[in-house]
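**Q** Dropping a structure here in C-alpha cells format, bear with me for questions.
The values are calculated or read from the model by the stated rules, or taken from the named source; none is laboratory data. As the structure is a computational prediction, the values presented were derived from the model and not from experiment. Note: ideal-geometry Cβ built from the backbone for every residue, glycine included; neighbour counts use all protein chains shown. Side chains included, ligands, DNA and RNA excluded: accessible areas come from the protein's heavy atoms. Shrake-Rupley method; radii C 1.70, N 1.55, O 1.52, S 1.80 Å.
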Amino acid sequence: MPNSWQDDTIVLESGLDGYIEQEISSSLNDPSCSVMRYISIFDAPAHADIEPFLKDVNVAAATRILTRNLSPLVRVSGDDIYMHPAVRCHFKMQLDTYMPSRQNAIYRSAALQSSNHANVPEAVQLAIKAGDAQLLNDVVAQNETLKIWVRHGFAAVRLIAEGTARLEASNFPRLKLFTAIVHLKEGNIQTAKQVFDELLQDEESKNDLAADLEVLRMALLVYGCELEKRSDLDGSLKLQLQEAGRDESWKTFLFTLSAVIASQRGHTVDARDRLHMARKHANLANSVYNLMFADIHETCVHLAEGNLREARRFVNKARLIWRRHFQTDIGVDTVISALRTSIDFEAGRLTSAHKNISRSTARFPQSEAWLDIYVAGYEPLIWLEARTNGLESAIDLIENHLAVLSKQGLYRIANLLSAFRIILTFAYGSRADCGDIAGFMLKPTAAWQEREYFTLVRAIHKHENGNSQAAIALLEAEYLRAQDQQLSRSALRYQLTLALIYFETEEYANTDALLCDAAELGYETGQSQIIVELSTARLSDRWTKILSSGQHLELLHASFARRSILTGLSSEHPSSPAFTERQYEIIDQMMKGGSDKEIARRMGLSEYGVRYHLKNIYKKLSVHDRTAAMAAIRTKELDKPMQLRDEESRQSV
C-alpha cells in the first residue's frame, strides 16, 4: 500500500475513513480503541512503548486480541507492532480530537521514547507535532547532533531544519547547524558559510559544539571545492583521537574525507585503503549512508584510473543503497547521475549519458556536488553539446555556467571550466587563444583533474606560440607521471593531444604511433568516446589510413579502434552507419548464424528484443532482410572487428 495512504486528506476523501470507522472502530471496545490510538503514534512500537500511556490496560493482552481479530491490518513481528497505513491514519486523526494540552503532552512523551530508541526521524516529527522547540533541541542533543547526518542520512537533517524553521527555533545553535547543512547540500555555499561564521562568533556554540562545527567546516571545504591539502584535516584528526573508542561515526566520516583528498591528489591506492577503513567504521556505526558515500568515492577513484568496469560496479552499488534507503535525497541522485553520465560517456554510451545529464549537470550548481562530481558532469555535457550543436554553442554553454559558478563562489570549478574551453577549442581545430595562463599554473596541492586540464592548456599555449617541442616535452613528462600514478584517464588525453600537435607539425609517423598507443590504452580501459572527441574531428584521415593498412595495430586493438571511431567518422562518411554497443553484439551473433530464437538464447535476450534490434540494424543499413544486411556488413567490413576478435580469442585459448 503506498505511503500516500498516510495523508489525512486522501484517507478522508477516498471514503476509507468512514469505512474504517464503520467496519473496525465500531467493533472495538474502549480499551482496544485506546491501544490502537497509541500504536498509531509510532511507526512500529513495542508493547513497552505503549504501556506508559495506558497504565490501566493490559497492552500485551489487548494487542493479541487485535492481531487475532484484525490481521493483517494489525500484526506483530518480534517485539514490534505494525498497523496498516490507512488504519493508522484513521486512529491518529482521533488523537486530534483531544485537547491541545493533552495532545502536546502525548507527543512530548512519545518523542522522548523514540529518541531513547535512537529513532531520530520519528522523534523529530513528534517534537514538531508537540510544537516544542526545546524538546527538538533536546532530541538532537541526545543523538549527538551532526552524528544524525552520518547515521540517518540527509532526510533526517532536512526534517530537523524544517522543524527549526516551523518552530522559529534558529536561536538554538545546535538546530542552526542543520540549516547550514541543508544550504550546503543544495549548493548555497555562501549562505552555509554565513551560518557557519555566525555560529563561530557564539562563544557557547564554540565550546559545546566544537566537534560538530569541525564537521561543518570540513563539509564546507569539500562542497565549496576548497579541500586541497592534508593540513585541512589537522583539526579533524585531533577530533578523531578525542573520539577514539567512543563512537565509530566520526571515524568513518574522517576516513572518507581523507580518501577524498588522496583521490583528488591522484594517490588512488592510498584512497582505496582509506575507503576500506571508512567502510569498516561505517559498518561498526551501522551507517548505511556512509557506506553509500564510500561506494561513490570509490567510483571517483576508478574513473581517475579509467577503470570503467569497476567504476560502474561501485556506482551501481551506491545507487542501489540510494534507491532502498535515501530516495528523497535529490543531492545524492545528482551525484550518482553525474558519475553515471561520465561512465556512460567514456564508454561511448551516449544515449544513456544524455539521459543522466538531466538528473545531474542540469542541476549544477544548485545541488550537491564537489570537484570530482563537477568534472564528471560538466565534461560530458560540453562534449555532447559540441557534437550535437557545434563548437560555438558549446562555448556559449560554458560561458553561461561560468557566470553561475562565479556567482556561487565556486571559482575553482570556474577555472577548470575555463581551461576546458581552451582544450575543446583546440580539439576542434580552432586557435585556442589561451591568453594569460597564469591562472592555469599548477599548485603543489592541485587535484589530478587540475593537473590534467592545466597541463593540456599549457601545452596548447606553448604549441600555438611556436614552441611545439616544449609542448611535446611537457606532455610526454606528464604522460609518464600519469602512467606511474595509474591515472589512465589523464594518460589517454595526453596521448591524443600529443597526436594532434604532431599532426599540426606534419610529423605523421609520430601521429599514427600515438593514435595506435591510444587505441591500445582505450582497449585496455574501455575508454572509447574521448578518442572520438579528441581525434576524429581533425585526424579522421589518419585513422582511416591506420585501419585500412592494418600494419600498426594488433588485431584486438584494431577491432576496438574500428568500433570506437566509426561513430565519429560516420558524420563525414555517411556510408558507415553508427551502431550502438548492443547492435554490434547482435551483428556479431548474426554473422555467426542461427535463428532469432537461437541468437536470443545465446545473448540472454527475448526473441522480441533481438527482432527489435535487427529491425534498427536493417534501417541503418538501408536493407530489408538478413541476407542483404549480412552482405552490406561484409561490403562495409563491419564484421571484420568481430571476426578478428574471435580469431584472437581462439589463439588465446
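**Q** Of all residues in the stretch 208-258 being part of a loop (DSSP other than H, G, I, E, B) and hydrophobic (A, V, I, L, M, F, W, C), which is modelled with the lowest pLDDT?
**A** The extreme case among them is Ala244.
**Q** Could you say whether any residue in the stretch 98-113 is outside any loop (DSSP other than H, G, I, E, B), among the β-branched types (Val, Ile, Thr) and more than 30 Å from Asp247 (Cβ to Cβ)?
**A** The answer is yes, given that some residue of the stretch 98-113 is outside any loop (DSSP other than H, G, I, E, B), among the β-branched types (Val, Ile, Thr) and more than 30 Å from Asp247 (Cβ to Cβ).
**Q** Here is a further query. Can you name the residue in the stretch 151-189 that is within 17 Å of Gly131 (Cα to Cα), among the aliphatic types (A, V, I, L, M) and open to solvent by 10 Å² or more (accessible area, probe 1.4 Å) and is also farthest from the chain's Cα centre (by Cα) among such residues?
**A** Leu167
**Q** While we're looking at this one, here's another question. Could you tell me which residue of the stretch 270-299 is modelled with the highest pLDDT, considering only residues that are open to solvent by less than 10 Å² (accessible area, probe 1.4 Å) and polar (S, T, N, Q)?
**A** Of everything passing the filter in the stretch 270-299, Thr299 is modelled with the highest pLDDT.
**Q** Just the residues that are outside any helix (DSSP H, G or I), in contact with a helix residue (DSSP H, G or I) (Cβ under 9 Å, 6 or more places away or on another chain) and either surrounded by fewer than 13 Cβ atoms within 10 Å (Cβ to Cβ) or of a type in the set (Ser, Thr, Tyr) (or both), please, taken from the stretch 45-81.
**A** Of everything in the stretch 45-81, those that are outside any helix (DSSP H, G or I), in contact with a helix residue (DSSP H, G or I) (Cβ under 9 Å, 6 or more places away or on another chain) and either surrounded by fewer than 13 Cβ atoms within 10 Å (Cβ to Cβ) or of a type in the set (Ser, Thr, Tyr) (or both) turn out to be Asp56, Asp79.
**Q** Just checking, which of Ile321, Ile336 is at pLDDT 95 or above and touching a Phe, Trp or Tyr at 6+ places or on another chain (Cβ under 8 Å)?
**A** Sole residue among the options that is at pLDDT 95 or above and touching a Phe, Trp or Tyr at 6+ places or on another chain (Cβ under 8 Å): Ile336.
**Q** With within 20 Å of Thr268 (Cβ to Cβ), among the polar types (S, T, N, Q) and crowded, with 22+ Cβ neighbours inside 10 Å as the only criterion, which of Thr455, Thr497 stands out?
**A** Thr455
**Q** Could we say that Gln486 is open to solvent by 20 Å² or more (accessible area, probe 1.4 Å), within 28 Å of the chain's Cα centre (by Cα) and over 20 Å from Ser535 (Cα atoms) here?
**A** So Gln486 fits the description; yes.
**Q** If we scan the stretch 160-176, do we find a residue that is in a helix (DSSP H, G or I), hydrophobic (A, V, I, L, M, F, W, C) and under 26 Å from Asp49 (Cα atoms)?
**A** Taking every residue of the stretch 160-176 in turn, at least one turns out to be in a helix (DSSP H, G or I), hydrophobic (A, V, I, L, M, F, W, C) and under 26 Å from Asp49 (Cα atoms).
**Q** Next up: Any residue at all in the stretch 136-150 that is open to solvent by 40 Å² or more (accessible area, probe 1.4 Å) and over 33 Å from the mean Cα position of the chain (by Cα)?
**A** Looking through the stretch 136-150, at least one residue is open to solvent by 40 Å² or more (accessible area, probe 1.4 Å) and over 33 Å from the mean Cα position of the chain (by Cα).
**Q** Out of Ala123, Ala118, Ala155, I need the residue that is part of a loop (DSSP other than H, G, I, E, B), farther than 17 Å from Val195 by Cα and not charged (D, E, K, R). Which one?
**A** Only one candidate passes the filter, namely Ala118.
**Q** In the stretch 190-230, how many are over 26 Å from Ser406 (Cα atoms), in contact with a Lys or Arg (Cβ under 7 Å, 6 or more places away or on another chain) and surrounded by fewer than 21 Cβ atoms within 10 Å (Cβ to Cβ)?
**A** So the count comes out to 0.
**Q** I would also like to ask the following. For Gln583, which of the numbered conditions (1) modelled with pLDDT under 80; (2) farther than 25 Å from Leu424 by Cα; (3) polar (S, T, N, Q) fails to hold?
**A** Going through (1) modelled with pLDDT under 80; (2) farther than 25 Å from Leu424 by Cα; (3) polar (S, T, N, Q) one by one, Gln583 breaks only (1).
**Q** Right, next: Provide a single number: the residues in the stretch 22-32 that are assigned to a helix (DSSP H, G or I) and more than 18 Å from Asp80 (Cα to Cα).
**A** 7
**Q** Next question. Pairs, please: C-beta under 6 Å, at least 6 apart or cross-chain, first residue among the small types (Gly, Ala, Ser) and in the stretch 580-608, second surrounded by fewer than 16 Cβ atoms within 10 Å (Cβ to Cβ) and part of a helix (DSSP H, G or I)?
**A** Pairs that qualify, where the first residue is among the small types (Gly, Ala, Ser) and the partner is surrounded by fewer than 16 Cβ atoms within 10 Å (Cβ to Cβ) and part of a helix (DSSP H, G or I), are Ala600/Glu607.
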